[in-house]
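Participant: I have a structure I would like to understand better, so I am pasting it below and will then ask my questions one at a time.
The values are calculated or read from the model by the stated rules, or taken from the named source; none is laboratory data. Nothing here was measured: the structure is a model prediction, and the numbers come from that model. Using ideal geometry, Cβ is built from the backbone for each residue, glycine included, and neighbour counts are taken over all protein chains shown. The accessibility values were calculated without ligands, DNA or RNA, using every heavy atom of the protein model including side chains. Shrake-Rupley method; radii C 1.70, N 1.55, O 1.52, S 1.80 Å.
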Amino acid sequence: VLQIVKESQQQHGLRHGDFQRYRGYCSRRLRRLRKTLNFKMGNRHKFTGKKVTEEILSDNRYLLLILMDAERAWSYAMQLKQEANTEPRKRFHLLSRLRKAVKHAEELERLCESNRVDAKTKLEAQAYMAYLTGMLRFEHQEWKAAMEAFNKCKTIYEKLANAFTEEQAVLYNQRVEEISPNIRYCAYNIGDQSAISELMQMRLRSGGTEGLLAEKLEALITQTRAKQAATMSEVEWRGRTVPVKIDKVRIFLLGLADNEAAIVQAENEETKERLFESLLSECRDAIQAVREDLKPDQKQREHSLEMDSGKVSNIQYLHSYLTYIKLSTAIKRNESMAKSLQKALLQQQRSEEDGKRTPRPQDLIRLYDIILQNLVELTQLPGLEEDKNFQKEIGLKTLVYKAYRCFFIAQSYVLVKKWSEALVLYERVLKYAGQVQSEAGAYKNSLKDLPDVQDLITQVNAEKYSLQAAAILDANDTHETESPSQVKDGKPLSERFETFCLDPSLVSKQVSLVHFPPGFQPIPCKPLFFDLALNHVAFPPLEDKVEQKAKSGLTGYIKGIFGFKS
């Protein structure tokens with residue numbers, strides 16, 4: 001049962017949380033099964049209900065009919081749960097569909113009691129029934145009944161996991177891990193206060209919760225912090241105590257230490273990134289709450305600045321503190337991403353991977369640019385302009401990150417064989433690192449979380465020697481006579497058919513095949529004839545042959561009118 005359910009869910013939408021797609025698949029599969037088994041519910045004009053009984057269990061596909069009915073109802077319930085966040089009325093429909101799923105699961109369990117069904121399927125049907133029952137009781141907030149159902153399901157799957165091979169046991173162990181947070185949540189609501197810490201550890205190990213428990217666990221954590229926040233009234237930062245009157249800010253500050261500890265204990269980069277994003281989101285919400293209180297307090301703040309120049313109001317100082325937390329968290333997140341990229345770069349140098357986008361030094365340069373921008377914003381926080389120690393700490397951190405940024409810019413120049421630029425940047429890295437070492441005497445505690453500058457100096461010295469050697473070899477290669485196969489004289493392909501030449505441009509978009517447009521070529525022009533003798537020819541007189549025109553007067557005019565000719 002579990003294997004059929006999991007395979008169907010993973011292949012038809014639940015890998016991406018698309019319950020509507022999975023419900024459509026269940027409906028289509030039910031129709032195909034009924035058509036194949038000739039187990040139709042009447043015709044298009046009349047509905048005739050049929051039930052699967054033990055007498056017709058000649059084919060295991062009859063059990064699959066009941067299972068798909070239960071899965072269709074369950075997937076519809078999960079779809080409605082997603083929609084109920086914005087439409088609360090859909091919660092009633094959600095409970096109805098869960099009850100329908102439990103009803104189908106009970107029918108499946110009853111049919112599996114037949115002698116025609118093996119023991120493994122009987123146990124899995126019982127576990128499936130207990131799982132859906134636990135989810136229904138969980139939604140009804142009947143914690144004790146839900147806990148009993150989940151424990152029954154967990155016990156059956158653990159026994160099945162022990163009875164089969166390791167490959168088959170993986171599926172059962174995964175379902176046990178899914179159920180465990182629900183059991184601990186029910187135990188907490190029954191009265192076990194120690195369950196909250198275990199829930200936090202489960203949330204951390206799994207990289208986030210899924211299903212019914214996700215929203216409830218987040219609400220539980222917020223509720224627990226809200227109870228603790230009632231006793232919190234002030235916070236101290238850099239020698240100044242500030243009262244905290246906003247509940248959202250109190251809850252955030254109380255959970256800050258837990259969130260930072262969870263980030264440190266995170267097992268993989270994906271979980272760590274998710275926790276960083278969650279912490280930044282909570283911090284932004286807290287800053288927004290303080291900013292709303294700052295608007296009506298604007299006039300009072302300006303008055304306090306006039307009375308006590310150089311000292312900001314408490315609410316403004318609290319805003320600066322929260323902004324400091326946000327920027328510091330962003331810096332830690334980018335630094336964590338930079339470390340993972342550096343590891344990927346080292347692995348890339350050892351073994352090239354095909355088909356994947358490999359990281360480049362330019363990616364690290366972008367991250368360090370963002371870090372330096374965040375440090376600039378830290379120096380501009382209101383209330384800290386006159387804090388010399390704070391400004392000095394930020395200045396040293398800026399030098400450290402500038403050194404790393406220069407180092408990766410130099411690495412990018414090395415890749416394109418710009419040796420002189422890379423060497424100059426390596427010298428700049430050593431300059432920044434030397435400044436940090438000479439000025440970090442009294443600020444070593446604040447710099448202990450930063451990357452080690454001494455390791456960078458050692459790496460830069462090694463890279464300089466490698467760079468000088470590569471530059472010498474490259475210079476020798478350019479002075480040597482180039483082989484004909486590497487000579488590129490700019491001739492198009494049509495003029496060098498007889499010579500082999502490795503020309504990468506032949507596979508590019510700007511390939512040179514022929515000269516186009518073609519050059520001009522001289523051709524003979526059409527001859528021009530000039531008659532020069534005509535000017536020197538004397539023609540004979542023709543006066544005697546030309547008839548003299550008679551003078552015509554009025555008489556001639558009249559003769560002409562009447563047609564008389566002389």
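Participant: When you go through Gln347, Gln362, Gln342 one by one, which is the residue that is in a helix (DSSP H, G or I) and open to solvent by less than 70 Å² (accessible area, probe 1.4 Å)?
Facilitator: Checking each option against the conditions leaves just Gln342.
Participant: I'd like the full set of residues that are open to solvent by less than 20 Å² (accessible area, probe 1.4 Å) and modelled with pLDDT of 80 or more, limited to segment 264-276.
Facilitator: Correct list: Leu275, Phe276.
Participant: Okay, moving on. Could you please tell me which pairs satisfy a Cβ distance under 9 Å, a separation of 6+ or placement on different chains, a first residue in segment 23-42 that is within 18 Å of Gln11 (Cβ to Cβ) and without any contact (Cβ under 8 Å) to a residue 40 or more places away in the chain, and a second residue that is open to solvent by 100 Å² or more (accessible area, probe 1.4 Å) and assigned to a helix (DSSP H, G or I)?
Facilitator: From residues that are within 18 Å of Gln11 (Cβ to Cβ) and without any contact (Cβ under 8 Å) to a residue 40 or more places away in the chain, the pairs are Tyr25/Gln11.
Participant: Does segment 404-419 contain at least one residue that is within 27 Å of Glu269 (Cβ to Cβ), open to solvent by 20 Å² or more (accessible area, probe 1.4 Å), assigned to a loop (DSSP other than H, G, I, E, B) and at pLDDT below 85?
Facilitator: No: zero hits.
Participant: Now a separate question. Hey, Arg137 hits all of (1) over 40 Å from the mean Cα position of the chain (by Cα); (2) closer than 26 Å to Ala187 by Cα; (3) surrounded by 19 or more Cβ atoms within 10 Å (Cβ to Cβ) but one; which does it fall short on?
Facilitator: Only one criterion is unmet by Arg137, namely (1).
Yes or no, residue by residue, for (1) of a type in the set (Asp, Glu); (2) closer than 29 Å to His16 by Cα; (3) buried (at least 17 other Cβ atoms within 10 Å of the Cβ):
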{"site": "Asn38", "(1), (2), (3)": "no, no, no"}
{"site": "Gly42", "(1), (2), (3)": "no, no, no"}
{"site": "Tyr62", "(1), (2), (3)": "no, no, yes"}
{"site": "Glu71", "(1), (2), (3)": "yes, yes, yes"}
{"site": "Ser75", "(1), (2), (3)": "no, yes, yes"}
{"site": "Arg91", "(1), (2), (3)": "no, yes, no"}
{"site": "Ala101", "(1), (2), (3)": "no, yes, yes"}
{"site": "Ala105", "(1), (2), (3)": "no, yes, yes"}
